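For reference, the structure discussed in these notes is given below.
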Amino acid sequence: MAFPYEPRFRAALASLRREGRYRVFADIVRRRGEYPQADLHHAGRARPITVWCSNDYLGMSQHPKVLAAMHEALETTGGGSGGTRNISGTTHYHVELEAELADLHGKDAALVFTSGFVSNDTTLSTLAKLLPGLIVFSDALNHASMIEGIRRGGGEKRVFRHNDLDDLERQLQACDASAPKLIAFESVYSMDGDFGPVAGICALAEKYGAMTYLDEVHGVGLYGPRGAGVAARDGAMQRIDIIEGTLAKAFGVMGGYIAASAEIVDCIRSYAPGFIFTTSLAPVLTAGILASVHHLKASNAERERLHERAARLKRLLADAGLPVMDSPSHIVPVLVGEATLCKSVSDSLLQDHGIYVQPINFPTVPRGTERLRFTPSPVHTDEMMDELVRALDAVWTAHRLERAA
């Protein structure tokens, strides 16, 4: 008798639906030049919505300089890159972009990947192969891409309590002083919106002879001089061995990267299967990223506007008695606390008010902390914010949800 493959798949999906964790993708078309406005497509019809959950934090996907660079590259080079970086896929755009990113972070070199997930997964797993016996100290709230990379590396992993320097030091003290060590952490934790203690972790790394690996995915473009990130803001960028970032959030296009010493970057370039055996980013994308990085190195206007917008939204939510979670960053989470309810609230906002915010459920966040995660941008207006708060107030009342104390 054959194994019941299809029933097993159906049972797995049914389990997600029972728990309220089954993901439904919103089918949207963003309007060029009108972000955060988009059209939601459903059952053959389209209707306007306002997007409140995009990671296009600064709206750079719509910036005239970015679009112009992409159009020019498309006309100059065509569509794809034509191959892996080793086999015809290294264009001059890639070379220029890596130089720009190395300069941004004050490092010798940088390496561009097809996504932020790939850059974390590939780099962390390769480091374990290059450094036999490596012990990785990982913050308890690190992103799934970091966890997966550390797991695939196959070395020893020790998880320290989130942002707890005392716990990290206890674990470092307990290790063989001569063993290779790496501390992997983030600058901005994207679901709670809190900052990692960059300087404190650097001090411990220096004290105990560990390397540092900092995920700046939610920090690059948004903090620090020239948008170099939280480590730059905190005056600790030069103390970080490897900085990892994304090109799809603040920079508004696609891809990921690392910046480090020339030797580290060359080793990852030469040994990492996730880099070696994949087609490189298309020149049209790379050109757009290059224009975005150039612009944000020189312009603070977008960053200043973003932080003003986030602060205003937090005030409005708090004044309305809505349970906005404490967040010192640009991320604005609102606690719901139960998966099915969180999805129902999200559905009501979309269907009844034209407001799109995705429910954030387990395993992205722990059970019981399900939430809506709002990401205001420089182009979210006062009117959009006022409408959002009115809609949330109405949905909260309709669902009989608890208010903030």
- Query: Could you state the number of Å between the C-alpha centres of segment 219-261 and segment 97-130?
  - Reply: 11
- Item | Probe 1.4 Å, protein heavy atoms only - accessible area per residue of segment 241-379 in square angstrom | 36
- Message: Pairs of alpha-carbon atoms within less than 8 angstrom and 6+ residues apart define the contacts here; what relative contact order does segment 129-211 have, in percent?
- Response: 33
- Task: Indicate the helices, whole DSSP H runs only, in the chain that combine a mean Kyte-Doolittle hydropathy of 0.0 or more with a Cα extent along their long axis of 18 angstrom or more.
- Result: 64-77, 116-130, 283-298, 382-398
- Message: So, R0 is 41 Å and r is the distance between the beta-carbons of residue 42 and residue 271; what FRET efficiency does that work out to, to 0.05?
- Response: 0.35
- Any chance you could check the Cα centroid distance between segment 22-86 and segment 334-405 for me, in angstrom? 23
- Carbon plus sulfur, as percent of the 1.4 Å-probe accessible area of segment 1-133, comes to 58
- FRET efficiency for residue 76 and residue 320, Cβ-Cβ distance as r, R0 = 56 Å, nearest 0.05? 0.65
- Message: Quick check: residue separation of residue 262 and residue 29 times 0.36 nm, minus the Cα distance between them. What number comes out in nm?
- Response: 79.8 nm
- For labels at residue 161 and residue 17 in the simple 7 Å Cα→Cβ model, what's the distance in nm? 4.1
- Message: For residue 98, what accessible surface area do you get with a 1.4 Å probe? Give it in Å², rounded to 10.
- Response: 20
- Could you pull out every one of the aspartates and glutamates with an alpha carbon less than 12 Å from that of residue 157, ignoring same-chain neighbours closer than 8 positions? 139, 148
- Query: What is the chain's relative contact order, in percent, from Cα pairs under 8 angstrom and six or more apart in sequence?
  - Reply: 21
- Accessible area (Å², per residue) of segment 94-206, counting only protein heavy atoms and a probe of 1.4 Å: 36
- Accessible area in the full protein assembly, largest first, 1.4 Å probe, for 151, 47, 312: 151, 47, 312
- Query: For segment 318-405, which whole percent of the accessible surface, found with a 1.4 angstrom probe, sits on carbon and sulfur atoms?
  - Reply: 52
- Taking every DSSP beta bridge that has both residues in the chain, what percent is antiparallel when rounded to the nearest 5? 60
- Message: Taking just the alpha-carbon atoms of segment 32-151, what radius of gyration and Dmax come out, in angstrom?
- Response: 19.2, 57
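The values are calculated or read from the model by the stated rules, or taken from the named source; none is laboratory data. Computed from a predicted structure; not experimentally measured. All Cβ positions, glycine included, derive from the backbone under ideal geometry; neighbour counts span all protein chains shown. Heads up: the accessible areas ignore ligands, DNA and RNA and are worked out on the full protein's heavy atoms, side chains in. Shrake-Rupley method; radii C 1.70, N 1.55, O 1.52, S 1.80 Å.
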